Amino acid sequence: MKFKLKIWRQKNAKAKGQFESFSIENISSDTSFLEMLDILNNRLISEGKEPIAFDHDCREGICGMCSLYINGRAHGPDDDVTTCQLHMRKFRDGDTITIEPWRSAAFPVIRDLAVNRYAFDQILQAGGFVSVNTGGVPDGNAVPIAKPDADEAMDAAACIGCGACVATCKNGSAMLFVAARVSSLAKLPQGRVEATGRAKAMVAKMDELGFGGCTNTQACEAECPKAISISHIARLNREFLCAKLQD
Amino acid sequence: MSNIFCSSIGKKLIMSLSGLFLVIFLLLHVSINVTALFSQNAYNAACRFMDTNILIQVMVPVLALGFAVHILFSLIITVKNQKARPVKYSVSSKTETSSWAAKNMFVIGVIVLCFLGLHLTHFWAKMQLQHFIGGHGEDNPYALVYTLFGEWYYCVLYVVWIAALYFHISHGFWSAFQTLGINNSKWIPRLQIIAKIYAILVALAFISIPLYFILGLGEPPK
Ligand code: HEM
Ligand code: SF4
Ligand code: FES
């Protein structure tokens, strides 16, 4: 297959970026999107040019490191997958593909397509710890957890922290990410202990770091590679409002 | 309660409570309006009730406050959200990820507000306001409705206004419950349907009145 690529190039956080066009040929339909970029980068290196910077790590959809806004969608045209799990067969031969970095005040561009998502780590740090008893390995069945609760906690825990929700949201809001992290712990007895404090601290951090607020557009849910539901945002609102009203 | 309204979620709490208050107000307003479809006497009696009932008199300033708060916080929230996304994408997908109304709540709200100003000067200033400032209210409110809705251009403006209101509520109604945290995966789709039904019913009821008069079904004013 062959493609025309329009890729965002930017030297560093302060530089003014612009799009650069490339043509690429002889790409197998089974090539992954990131492998396609690898092929392009190899070519650029052999031509003595600067390769395109983009984030990636596991390349199996679990680490949350890959990003990219591809043809107007976070993680590209396929549903419920990360960019590393996207394949060129999802495009048509001869397509023009526009690749942009995540756009959000809280995620400044580091270089080209790589953005700084340290703000997510700061929110997690603000969330604090989970109290667990030390000692021997506890019996796996010692703490009974209802199946629906366990399921919901697991669904929320599927969040890989990629930031597609922020990138997609017209308000650059991190509510889906924060909601997933708050829910996955609040739904379990172990995480329940600090749940109210956690909700308050994480929301305060999120606001402080320049993320926008949620206006319930549901765009995040549609683009989240792990299909995290906005019902978790309702739970976060509930947790936060109850906690604040008790203060 | 400490500094709850400084937080993004606290500000949305105010939006949702004031929004739901306005949603309830609309229900009262539209029920008064539809009496015009029954008869001249019924409508004028309903207007007299609105001008004299003590509870309504108390609620009018509360309503004004509700509007003011809703609009003020919509500005604060919209400005903050715009700042959080300073650079726009050059390509936006055609895939529908959220409803048109959800994405344009502020613009729709401003449209509602503009027509609201027009509406207040044409009706309210001549009717209820007069009872507040000790002036002389319209003797026959039905006649006022009859003349204004006899003009096709006014009817068109009115329908555009109500259409904007329809979009605002079809998203706002369920969104308010989501903001309050009274929602889960079962109730999100249910509330979205209830919001649509509510918005359609209210919009149709409002629009039925200019339609009734422009079609010449109204009684000539006494
Ligand atoms: C009768 C008139 C109105 C009704 C019934 C109404 C109702 C609502 C409701 C129920 C919400 C949802 C709140 C939430 O998501 O928690 C809302 C949101 C909103 N309203 Fe209104 N509203 C009215 C007029 C206006 C006006 C005049 C404006 C402004 C200029 C406005 C601007 C907004 C904005 C920007 C939002 C979105 C806020 C957000 O999602 O964060 N509204 N409205
Ligand atoms: S909620 Fe979904 S889109 Fe947002 S960071 Fe987690 S996995 Fe990514
Ligand atoms: S590279 Fe790890 S999720 Fe894509």
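The values are calculated or read from the model by the stated rules, or taken from the named source; none is laboratory data. Quantities reported herein were computed from a predicted structural model and do not represent experimental measurements. Every residue, glycine as well, gets a Cβ built from its backbone with ideal geometry; the counts of neighbours run over all protein chains shown. For the accessible areas, the whole protein counts, side chains as well, though only heavy atoms, and no ligand, DNA or RNA atoms are used. Shrake-Rupley method; radii C 1.70, N 1.55, O 1.52, S 1.80 Å.
Annotations
- Flag if residue A:140 is more than 15 Å from ligand 2 (Cβ to nearest atom), more than 14 Å from every other protein chain (Cβ to nearest Cβ), more than 30 Å from residue A:7 (Cα to Cα) and touching a residue at least 40 places away in the same chain (Cβ under 8 Å): no
- Residue in segment B:148-171 that is buried (at least 16 other Cβ atoms within 10 Å of the Cβ) and among the acidic types (Asp, Glu) present: no
- The residues of segment A:97-108 that are assigned to a strand (DSSP E or B) and buried (at least 20 other Cβ atoms within 10 Å of the Cβ), listed by number, are A:97, A:99, A:100.
- Pairs with Cβ under 9 Å, 6+ apart, first in segment B:74-91 and more than 7 Å from chain A (Cβ to nearest Cβ) and under 12 Å from residue A:211 (Cα atoms), second open to solvent by less than 70 Å² (accessible area, probe 1.4 Å) and not in a helix (DSSP H, G or I): B:82/A:171; B:82/A:212
- The residues of segment A:71-96 that are open to solvent by less than 20 Å² (accessible area, probe 1.4 Å) and within 16 Å of residue A:31 (Cα to Cα), listed by number, are A:75, A:76, A:82, A:83, A:84, A:86, A:88, A:91.
- Any hit, segment A:22-42, residues being away from ligand 2 (no atom under 16 Å from the Cβ), assigned to a strand (DSSP E or B) and hydroxyl-bearing (Ser, Thr, Tyr): yes
- Any hit, segment A:74-90, residues being of a type in the set (Lys, Arg), assigned by TED's automatic domain parsing to the domain that holds residue A:7 and more than 16 Å from ligand 2 (Cβ to nearest atom): yes
- Among residues that are at positive phi and in contact with an Asp or Glu (Cβ under 9 Å, 6 or more places away or on another chain), residue B:181 is included.
- A search for C-beta distances below 9 Å between a residue of segment B:179-191 that is more than 7 Å from every other protein chain (Cβ to nearest Cβ) and any residue that is not in a helix (DSSP H, G or I), counting only pairs 6+ apart in sequence or on different chains, returns B:191/B:182; B:191/B:183.
- Scanning segment B:192-202 for residues that are within 12 Å of chain A (Cβ to nearest Cβ) and open to solvent by 30 Å² or more (accessible area, probe 1.4 Å) turns up just one, B:192.
- Whichever residue in segment A:195-233 is free of Cβ contacts under 8 Å to residues at least 24 places away in the same chain and at the interface with chain B (Cβ under 7 Å from one of its Cβ atoms) and, among such residues, is nearest to the chain's Cα centre (by Cα): A:218
- Residues that are farther than 30 Å from residue B:52 by Cβ number at least 1 in the following helices (runs of 4 or more DSSP H) confined to segment B:123-222: B:152-180, B:187-214.
- Restricting segment A:43-70 to residues that are open to solvent by 40 Å² or more (accessible area, probe 1.4 Å), without any contact (Cβ under 8 Å) to a residue 24 or more places away in the chain and farther than 18 Å from residue A:110 by Cα leaves a set whose member that is farthest from ligand 2 (Cβ to nearest atom) is A:48.
- Residues of segment A:21-28 include none that is aromatic (Phe, Trp, Tyr) and within 23 Å of the chain's Cα centre (by Cα).
- Top-ranked residue of segment B:92-133 - restricted to ones that are among the small types (Gly, Ala, Ser) and open to solvent by less than 70 Å² (accessible area, probe 1.4 Å), ranked as nearest to residue A:68 (Cα to Cα): B:93
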